[in-house]
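Report on the structure given below.
The values are calculated or read from the model by the stated rules, or taken from the named source; none is laboratory data. Predicted model, so just to flag it, every value in this text is computed and none were measured. Counting neighbours? That spans all protein chains shown, and the Cβs are built from the backbone with ideal geometry, glycine included. Just the protein is used for accessible areas: all its heavy atoms, side chains included, with ligands, DNA and RNA removed. Shrake-Rupley method; radii C 1.70, N 1.55, O 1.52, S 1.80 Å.
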Amino acid sequence: MGQQQLILLVLAVVIVAIATVVGIRAFTENQIKSNADAMMQDAVRMASDAQAWKQKPAPFGGQAAADSAAATTTDNYTGIDLARLGYKENVPDQYTNLNGTFTVAATGTNGALITGVNANHNNQIEVAVCGITDVD
């Protein structure tokens with residue numbers, strides 16, 4: 001009888017250890033996915049802010065204040081930077097929050113590119129802004 005109880009105790013310890021390892025792994029994977037989703041939400045918000053900046057008139061700090069010729073086309077984001085979008089730069093040309101570090105760059109006459117990186121979770125996202133409508 002004592003031998004059976006010992007075997008059951010060892011079996012219970014093994015099962016609990018395996019469940020703990022599986023739970024930790026699932027939590028880690030969910031944390032990485034959650035961070036990627038949060039970074040994408042931040043980048044989409046920045047893209048929306050970029051589109052709003054593109055449409056603002058010059059007196060209100062829109063693109064025409066930075067480059068009036070580029071303001072006439074819908075896909076030219078020349079002059080865009082984080083400060084003009086209202087994001088405080090911790091390091092020049094970078095905005096950092098709890099989700100990651102973001103940069104914004106004009107891609108000539110093809111819009112703007114928002115890049116986000118989180119080294120802790122090895123996540124990287126990119127959002128391209130090609131115009132002034134939602135689908136862009």
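Classified by the C-alpha gyration tensor, the chain has a prolate form. Its axis ratio a/c, with a ≥ b ≥ c, is 1.5 or above, and a/b is larger than b/c.
Tyr87 exposes around 20 Å² of accessible area when a 1.4 Å probe is run over every protein chain in place.
Helix 2-55 and the longest principal axis of the C-alpha atoms of the chain enclose an angle of approximately 0°. Dipole magnitude for segment 4-136: about 320 debye, using +1 per Lys or Arg Cβ and -1 per Asp or Glu Cβ, origin at the Cα centre.
Straight Cα distances below 16 angstrom link Lys33 to the aspartates and glutamates Asp42, Glu126, with same-chain residues fewer than 8 positions distant left out. In the context of the full protein assembly, Ser68 retains an accessible surface of approximately 80 Å², using a probe radius of 1.4 Å and ignoring ligands and nucleic acids. The modelled label-to-label distance for the pair Val91/Thr74, using points 7 Å beyond Cα in the direction of Cβ, is 3.6 nm. The modelled label-to-label distance for the pair Val44/Thr107, using points 7 Å beyond Cα in the direction of Cβ, is 1.9 nm. If R0 is taken as 41 Å, the Cβ-Cβ distance between Asn120 and Gln55 corresponds to a FRET efficiency of 0.70. With the highest mean first, a sort of the peptides 25-32, 49-56 on other beta-carbon atoms found within 10 angstrom per residue produces 49-56, 25-32. Cα centroids of segment 93-128 and segment 2-60: 20 Å apart.
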